[in-house]
1. For region 230-380, what is the convex hull (Cα atoms) projected area averaged across all directions, in square nanometres?
2. Packing-wise, with mean Cβ within 10 Å as the measure, how do 1-9, 363-371, 220-228, 151-159 rank, highest first?
3. Multiply the residue separation of residue 310 and residue 261 by 0.36 nm, subtract the distance between their alpha-carbon atoms, and state the gained length in nm to one decimal.
4. I need the shape label for the chain. Rule: rounded when a/c is under 1.5, else prolate if a/b > b/c, else oblate, with a, b, c from the alpha carbon gyration tensor.
5. State, to one decimal in nm, how far the label point of residue 372 lies from the label point of residue 344, with both points 7 Å from Cα in the Cβ direction.
6. Could you sort out which of 137/319; 199/313; 137/199; 39/199; 106/313 sit more than 23 Å apart by Cα distance in this structure?
7. Compute the relative contact order of the chain as a whole-number percentage, counting only Cα pairs closer than 8 Å that sit 6 or more residues apart in sequence.
8. Report the percentage of all Cα-Cα pairs in region 121-229 whose separation exceeds 17 Å, rounded to a whole percent.
Amino acid sequence: MDFALSEEQAAIFDMARSFGAEEIAPHALGWEKTGTIPKELWPKLGALGFGGLYVSEASGGAGLTRLDATLVFEALSMACPSVAAFLSIHNMCARMLDAFGSDDLKARILAPAIPMETVLSYCLTEPGSGSDAAALKTRAARTNEGYSLTGTKAFISGGGYSDAYIVMARTGAEGPKGISALVVEDGAPGLSFGGLEDKMGWRAQPTRQVQFDGCAVPAANLLGDEGQGFKYAMMGLDGGRLNIAACSLGAAQSALDATLAYMGERKAFGKPIDQFQALQFRLADAEIELQAARTFLRQAAWKLDQGAPDATKFCAMAKKFVTEAGSRVADQCLQLHGGYGYLADYGIEKIVRDLRVHQILEGTNEIMRLIVARQMLEARG
Ligand SMILES: Cc1cc2nc3c(=O)[nH]c(=O)nc-3n(C[C@H](O)[C@H](O)[C@H](O)COP(=O)(O)OP(=O)(O)OC[C@H]3O[C@@H](n4cnc5c(N)ncnc54)[C@H](O)[C@@H]3O)c2cc1C
């Protein structure tokens, strides 16, 4: 058993970290004020191979492992978890296209998405169904040319911003087996968007409802086979959960690094606050939490790469554990900054706000426990 990163993995982490420090961190507070990430950023990430991290090399992607990808998300989140998480969603969609798309979809939709000339969004949640995603109501009715899509998707990251949407819609009966995945391109007739959601965190990336009113989707835009869409959507999520956990980890680490530096400079009662043993213990606890989170996350990613039978359980466990540890550490870092932690300029309150949603999306942390408990009961027999 070897817990060290290889030289190549360390280089991937360093490359992502430097890019984040130079191209993202200086703008992160500004982008959250304007509520959008400039589109010019994406091709720069694409040039590093980050637009198709685990898209196969045969399809033009970087062909990295899931473990390698978590390193990219951990490193980029040290600059801004909102930007890194958006990249994760794009990559989840790119992987779905690589795994299940026809040659035509790969040429038209995936090829420009890999260099990030275009960005992709994932549309599963609806106003009436989130955790119970298989109860979705958006319907794709067969037409001579393909499908007519009617319904509403809620909370869509990149809604009204992205170039194409992978939409899970009902083509058959109730339940997961009646769901198909369709690619809807921006500008499709009958596609519209709700207003910009005013959110606690992830404010740099736009979130909107995505609405379909008899939206015409050509038959060629069906991803894979009819009735398999829910399966494809869930397969994307195991890795998506690792990425979101990595985003919590990187951002919490950057909060802890900033706190360690701050505590050496800030004085109270005649000495630097890092000389109070009670506070040193809090630093130690934060370090222990993040190191444990990192080890657990990388083990889960390794399981997914190996195709281990318990990979889904480990991805769910890691997502819950790491996102909660990340938020706890970020909150402690805010406390250790005193009043300054509450001010935007110090960057800590943004991390606290950005990380909160990681306990809610890609499956809530209650659903993560449901997955774990179900597998425990199954194994017991
Ligand atoms: C900022 C943001 C961005 C998002 N981006 C996207 C996106 O790009 N694409 C997309 O498809 N979705 C996206 N989502 C949606 C997200 O995935 C859902 O919000 C999430 O799955 C939870 O669904 P819900 O909000 O409907 O909550 P609900 O499912 O209504 O859950 C409400 C509460 O009940 C709990 N609960 C529900 N069922 C159970 C159960 N069986 N046992 C125990 N507890 C249960 C939940 O854990 C939660 O605490 C985004 C959400 C946010 C906030």
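1. 10.1 nm²
2. Result, highest mean first: 151-159, 220-228, 363-371, 1-9.
3. Additional length available on full extension: 13.6 nm.
4. Prolate shape, in that a/c is at least 1.5 and a/b is the bigger ratio.
5. Label at residue 372, label at residue 344, 3.6 nm between them.
6. Checking Cα-Cα distances, 137/319; 199/313; 137/199; 106/313 exceed 23 Å.
7. Computed value for the chain: 17 percent relative contact order.
8. The proportion of pairs with Cα distances above 17 Å equals 48 percent.
Every number here is computed from the coordinates shown, using simple stated rules; none is lab data. Keep in mind the model is a prediction, meaning the values are calculated, not measured. Reconstructed Cβ throughout: ideal geometry from the backbone, glycine too, with neighbour counts over all protein chains shown.
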